[in-house]
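Below: one structure, written as structure tokens.
The values are calculated or read from the model by the stated rules, or taken from the named source; none is laboratory data. Note that the coordinates shown come from a computational prediction; the quantities given were computed from them, not determined experimentally. Using ideal geometry, Cβ is built from the backbone for each residue, glycine included, and neighbour counts are taken over all protein chains shown. The protein model used for the area step is the full one, side chains on, heavy atoms only, and it has no ligands, DNA or RNA in it. Shrake-Rupley method; radii C 1.70, N 1.55, O 1.52, S 1.80 Å.
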Amino acid sequence: MRQTRKLHIKSYGCQMNVYDSHRMADTLAPQGFVETQDAAEADLVILNTCHIREKAADKVYSELGRVRVLKEEAAQQGRKMVIAVAGCVAQAEGAEILRRVSDVDLVVGPQSYHRLPALLDGVAQGKKVVDTEFPPEDKFDRLAQPSGAAIRKRGVTAFVTVQEGCDKFCTFCVVPYTRGAEVSRPAAKVIADVERLAQAGVREITLLGQNVNAYHGDGADGRPWTLARLLYRLAEVPGIARLRYTTSHPLDMADSLMEAHRDLSALMPQLHLPVQSGSDRILSAMNRRHTAAEYLTAIERMRTAQPDMAFTSDFIVGFPGETEADFIETLRLVDEVGFCGAYSFKYSTRPGTPGADLDGQIPEALKAERLARLQALVQSHQDRFNAGFFGRSFEVLFEREGRNPGQIAGKSPHLQPVQVIGPSHLIGEVRRVTVEEVGIRSLFGTLHGEPVPAHAAPMLVAAEA
Ligand code: 5AD
Ligand code: SF4
């Protein structure tokens with residue numbers, strides 16, 4: 001039997017990194033690595049990094065400063081701690097990381113995670129290792145599958161990457177450089193992953209891709225499948241109650257996807273559709289290849305197919321050349337759609353992207369001012385959206401115990417956090433709930449058809465770890 005070693009993984013950035021971190025843990029489990037939440041006791045610390053904005057990359061270097069101290073403390077106790085940097089900063093910076101932080105042992109890009117055991121062997125031989133290749137083999141075929149216990153520990157919702165990379169080259173974005181060209185996984189592999197997750201108790205699957213709605217994986221019939229076709233098939237997997245997907249691009253909003261939302265009750269009525277700006281001039285400078293009007297048309301088509309649909313988006317303020325008039329167009333688009341939430345960011349210059357060389361870079365103070373105005377407007381829409389749920393009933397998938405004893409927490413179809421008083425054996429189940437209070441971050445409701453326990457606290461049976 002192999003010696004047990006402790007692994008600490010810290011994930012930054014998007015959900016794809018969360019998924020990748022799980023797959024790295026699964027791949028290292030047969031090597032004897034067991035996960036720990038405490039970096040100080042780890043034999044291997046992996047920082048799974050994000051490069052999308054400058055601040056995200058800066059965070060990694062400051063975290064490395066902290067991990068170095070832990071490594072020194074471990075050395076004083078006679079333990080060797082290996083520090084690995086994975087993810088998009090690893091891909092973008094490569095050996096530069098080793099030059100800046102000499103305590104780092106391994107730098108591994110997102111396409112090489114299946115090689116981790118071999119790369120760690122190199123580290124064990126005293127080498128500093130960098131692997132930022134885009135290898136010809138398919139990492140998904142070589143990454144280990146999670147055990148049933150590992151799946152259960154992660155809960156009743158799971159991510160599955162179906163598409164990775166991007167060929168769209170928006171002028172602000174590093175993704176086409178860090179994640180490479182767009183690649184879709186074959187449908188049969190995705191189906192097998194979802195079946196395995198469902199058998200271990202997962203009830204909700206979120207399909208991940210940088211351009212997930214451009215999915216075109218090989219189907220069983222030898223022809224490419226659309227995302228819609230994949231969703232129809234996954235809705236048949238026994239045990240799967242809910243399907244979601246993210247992130248979509250406005251250029252790839254096929255009719256078949258709208259039809260899937262119309263037809264599939266398992267497909268949740270919620271779409272994350274980044275628009276970035278409401279100004280056609282800025283959209284063109286960003287190389288988004290659609291206008292604001294075309295974006296609004298996509299939203300309308302979706303609403304026609306599924307009237308209950310709720311939308312979230314991403315915005316960038318202060319892209320080079322953005323005037324007050326351009327920014328007002330963005331605010332106008334927010335009002336027109338009425339998003340139930342959004343992520344908004346100040347434009348961050350990314351070396352190597354075309355946006356970095358554009359004239360008309362916007363001062364930080366002006367970016368901050370626009371960001372605050374945009375966020376206030378989005379918040380007002382979000383508050384109105386949530387307030388509209390007072391007294392409404394809908395189904396909730398319960399995911400975990402709630403903040404207070406006796407509470408259980410889950411998500412609405414629109415991804416709102418919901419808390420109710422209820423027994424923990426309902427975790428993993430879908431139940432109808434009526435909303436009785438709209439809080440700042442959560443909706444509070446009562447369960448249908450379930451007696452509310454008289455003494456909530458004794459009902460607290462620990463959820464399966
Ligand atoms: N600056 C600011 N925001 C960015 N995003 C991507 N690149 C940048 C950048 N250089 C945002 C976009 C994208 C989200 C994932 O991150 O809004 O949709
Ligand atoms: Fe980046 Fe644009 Fe590709 Fe999205 S579509 S990953 S923003 S280049």
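Observations on the structure shown:
- Residue in region 346-360 that is over 23 Å from Ile52 (Cβ atoms) and open to solvent by less than 30 Å² (accessible area, probe 1.4 Å) present: no
- Total residues in region 262-291, condition part of a loop (DSSP other than H, G, I, E, B) and within 13 Å of ligand 2 (Cβ to nearest atom): 9
- If the condition is being of a type outside the set (A, V, I, L, M) and open to solvent by 50 Å² or more (accessible area, probe 1.4 Å), then region 145-156 contributes Gln145, Ser147, Arg152, Lys153, Arg154.
- Filter result (within 13 Å of ligand 1 (Cβ to nearest atom) and within 20 Å of Ser412 (Cβ to Cβ)) within region 293-319: Thr312, Ser313
- Condition check for Phe339: at pLDDT 95 or above, within 16 Å of ligand 1 (Cβ to nearest atom), in a loop (DSSP other than H, G, I, E, B) and of a type in the set (Phe, Trp, Tyr): yes
- Selection of region 157-192 for residues being open to solvent by less than 10 Å² (accessible area, probe 1.4 Å), near ligand 2 (Cβ under 10 Å from one of its atoms) and among the polar types (S, T, N, Q) yields only Thr178.
- Per-region count, region 352-384, residues within 20 Å of Phe327 (Cα to Cα) and not in a helix (DSSP H, G or I): 6
- Matching residues in region 245-261 - criterion: being out of contact with any Leu (no Cβ under 7 Å at 6 or more places or on another chain) and farther than 17 Å from Thr297 by Cβ: Thr247
- Any chance Val212 is without any contact (Cβ under 8 Å) to a residue 60 or more places away in the chain and within 16 Å of ligand 2 (Cβ to nearest atom): yes
- Test: residue in region 219-227 that is surrounded by fewer than 19 Cβ atoms within 10 Å (Cβ to Cβ) and hydrophobic (A, V, I, L, M, F, W, C): yes
- The condition (being open to solvent by less than 30 Å² (accessible area, probe 1.4 Å), hydroxyl-bearing (Ser, Thr, Tyr) and modelled with pLDDT of 95 or more) is satisfied by just one residue among Ser393, Ser380, Ser412: Ser412.
- Candidate set: region 204-216, residues that are part of a loop (DSSP other than H, G, I, E, B) and surrounded by fewer than 22 Cβ atoms within 10 Å (Cβ to Cβ); chosen: the one farthest from the chain's Cα centre (by Cα): His216
- Pairs, first in contact (Cβ under 8 Å) with a residue 12 or more places away in the chain in region 368-388, second acidic (Asp, Glu) and crowded, with 17+ Cβ neighbours inside 10 Å, C-beta under 9 Å, six or more apart: Arg370/Glu322
- Pair list, Cβ < 8 Å and 6+ apart or interchain, from region 158-181 residues that are polar (S, T, N, Q) to residues that are assigned to a loop (DSSP other than H, G, I, E, B) and within 7 Å of ligand 2 (Cβ to nearest atom): Gln163/Gln210; Gln163/Asn211
- Any pair with Cβ under 6 angstrom, 6 or more apart, that starts in region 272-287 at a residue that is within 14 Å of Cys173 (Cα to Cα) and open to solvent by 20 Å² or more (accessible area, probe 1.4 Å) and ends at one that is within 12 Å of ligand 2 (Cβ to nearest atom) and of a type outside the set (Phe, Trp, Tyr): Asn287/Cys170; Asn287/Thr171
- Of the strands (runs of 3 or more DSSP E) lying entirely inside region 41-130, those containing at least 3 residues that are touching a residue at least 40 places away in the same chain (Cβ under 8 Å) span 44-49, 82-86.
- Hits in region 338-368 - residues which are of a type in the set (D, E, K, R) and out of contact with any Gly (no Cβ under 9 Å at 6 or more places or on another chain): Arg350, Asp357
- Residues within region 168-199 that are among the basic types (Lys, Arg) and within 16 Å of ligand 1 (Cβ to nearest atom), tallied: 2
- When Asp141 is tested against the conditions (1) assigned to a loop (DSSP other than H, G, I, E, B); (2) open to solvent by 60 Å² or more (accessible area, probe 1.4 Å); (3) not hydrophobic (A, V, I, L, M, F, W, C), the lone failure is (1).
- Condition check for Asp20 on (1) in a helix (DSSP H, G or I); (2) open to solvent by less than 70 Å² (accessible area, probe 1.4 Å); (3) away from ligand 1 (no atom under 16 Å from the Cβ): one failure, at (3).
- Selected residue [open to solvent by 10 Å² or more (accessible area, probe 1.4 Å) and within 16 Å of ligand 2 (Cβ to nearest atom)] from Glu195, Glu294, Glu236, Glu259: Glu294
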